[in-house]
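The block underneath contains the structure these notes are about, expressed in C-alpha cells.
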Amino acid sequence: MEPSEVKKSLFILNPNAGFIPVKLILSKEVQRRRNELSYFKSLSIDDSGSHIKQSFDKYDVFVAAGGDGTVRSVASELVDSRKILGVLPMGSGNGFAKELGFRPNIRSLLKDIKRAKTLNVDVIEINDLLCLNVAGIGLDSFVAHSFDRLKTRGFWSYALVTLKNVINLRPVHITIKIYGEETISEDLFVFSIANTRQFGNNAFIAPDAKPNDGIIDLVLIKPFPKILVPVFIYRLFRGTLNKSKYVKYIKTDKPFIIRTDETRFHIDGEPVEISGDVTVRIRRDALTVLKTKHNKL
C-alpha cells in the first residue's frame with residue numbers, strides 16, 4: 001500500500017496494559033491529530049473484534065496497543081484482508097512486537113505509519129485458533145495455565161510459578177504426524193510450534209525461525225536432568241538451545257496432527273484447553289504488518 005492511500009489509523013487500546021505515561025502520550029497525540037488517528041478502549045477480545053468489524057472500512061492501519069493477547073485478537077480480524085497491523089507494545093512479553101521491530105515509542109510508530117511501508121508474514125493455524133508467535137505443550141504451557149490462575153501478577157509471581165512447575169515437571173507423551181513426512185512419538189518436557197524465534201522478553205526458543213519463510217519450526221525438548229535447568233535458561237536467552245543434545249529441531253511447511261492426552265496448551269503465551277486431535281498448518285503471507293525502521297526482516 002502506498003503512503004498516499006493510507007487515510008486513518010485506529011488504535012485498539014487494552015486499558016489494563018502498559019504504563020500511564022504511555023497512555024497519556026497516546027491520548028494527547030490522538031487529540032492533536034484527530035483527523036488522522038482514533039483510538040478505542042477494548043474491554044475484551046470480543047469487544048475488540050466487534051469494534052474492528054464495525055470500523056473496518058474506515059481505517060487502513062489497526063494498531064494493537066497492549067500485550068501479546070491484544071495483538072493476537074486484533075490480528076485475528078485482519079488475516080487475509082490486507083489491512084495493516086501495527087503494534088504499540090505495552091505487555092510483559094511482547095514477543096511478536098520484538099520480532100517485528102515494534103517499540104513502545106508512539107512518535108516513532110506514527111512516523112512508521114506515515115511511511116506506510118509493509119511486509120507480509122505467515123500465521124499458524126492450530127485447529128481454528130490463530131498463532132502469531134509460539135504455541136506448545138509442556139513446561140511453558142503449564143506455567144501459562146498456573147500463572148493465569150494467580151490473583152497477583154509481576155516478575156516474582158511468574159518466577160515462583162515457573163519454579164513450582166519445574167519441580168513437579170513430568171514428561172508428556174506426544175505423537176506428531178507430519179503429512180507426507182515422518183511420524184514422531186516421544187516423551188517430551190516441551191514441544192513448541194514456532195513462527196518466530198522467541199516466546200517474548202528475548203527468550204529464543206527457535207533461534208532460526210522467521211515469520212515470513214513459509215516454514216513452521218518444531219522444537220522438541222526431551223527429558224533432561226533438572227539440575228541442568230539453569231543451563232537451559234542461559235541457552236534460551238542466548239539463543240543457543242540448538243547446542244543441547246536434549247533439543248531437536250524440525251522444519252516443515254506441511255500440515256501435521258498432534259495427538260496427546262495433555263489438554264493444556266498455550267498459544268502466544270495465552271493458556272488454552274484443547275482435546276482430541278490437533279491439526280496445525282501454516283498460512284503463507286496471510287497478515288500484512290507495518291514495517292518499522294527497526295524491522296530486520
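The values are calculated or read from the model by the stated rules, or taken from the named source; none is laboratory data. What you are looking at is a predicted structure, and each value in this text was computed from that prediction instead of being measured. Neighbour counts are summed over all protein chains in view; Cβ atoms, including those assigned to glycine, are modelled from backbone coordinates with ideal geometry.
Being assigned by TED's automatic domain parsing to the domain that holds PHE232, in a loop (DSSP other than H, G, I, E, B) and either charged (D, E, K, R) or farther than 28 Å from THR175 by Cα (or both) holds for only one residue in LEU160, LEU150, and it is LEU150.
Applying a threshold of 7 Å to beta carbon distances and a minimum spacing of six or more residues, or different chains, the list of pairs starting in the range 229-242 at a residue that is more than 14 Å from GLN198 (Cβ to Cβ) and ending at one that is part of a helix (DSSP H, G or I) reads VAL229/VAL166.
The single residue among ASN133, ASN127, ASN120 that is polar (S, T, N, Q), within 17 Å of PHE191 (Cα to Cα), surrounded by fewer than 21 Cβ atoms within 10 Å (Cβ to Cβ) and touching a residue at least 12 places away in the same chain (Cβ under 8 Å) turns out to be ASN127.
The residue that is surrounded by the fewest Cβ atoms within 10 Å (Cβ to Cβ), among those in the range 224-241 that are hydrophobic (A, V, I, L, M, F, W, C) and farther than 17 Å from ALA206 by Cβ, is ILE227.
Residues that are free of Cβ contacts under 8 Å to residues at least 40 places away in the same chain and surrounded by 15 or more Cβ atoms within 10 Å (Cβ to Cβ) within the range 185-202 comprise just one, GLU186. Whether a residue is part of a strand (DSSP E or B), more than 16 Å from the chain's Cα centre (by Cα) and of a type in the set (A, V, I, L, M, F, W, C) was assessed, and LEU220 passes this test.
Among the residues of the range 44-89, just one is among the hydroxyl-bearing types (Ser, Thr, Tyr), more than 20 Å from LEU129 (Cβ to Cβ) and buried (at least 19 other Cβ atoms within 10 Å of the Cβ), namely TYR59. Residue-level check: of (1) farther than 18 Å from ARG281 by Cβ; (2) outside any loop (DSSP other than H, G, I, E, B); (3) under 21 Å from the mean Cα position of the chain (by Cα), SER192 misses just (1).
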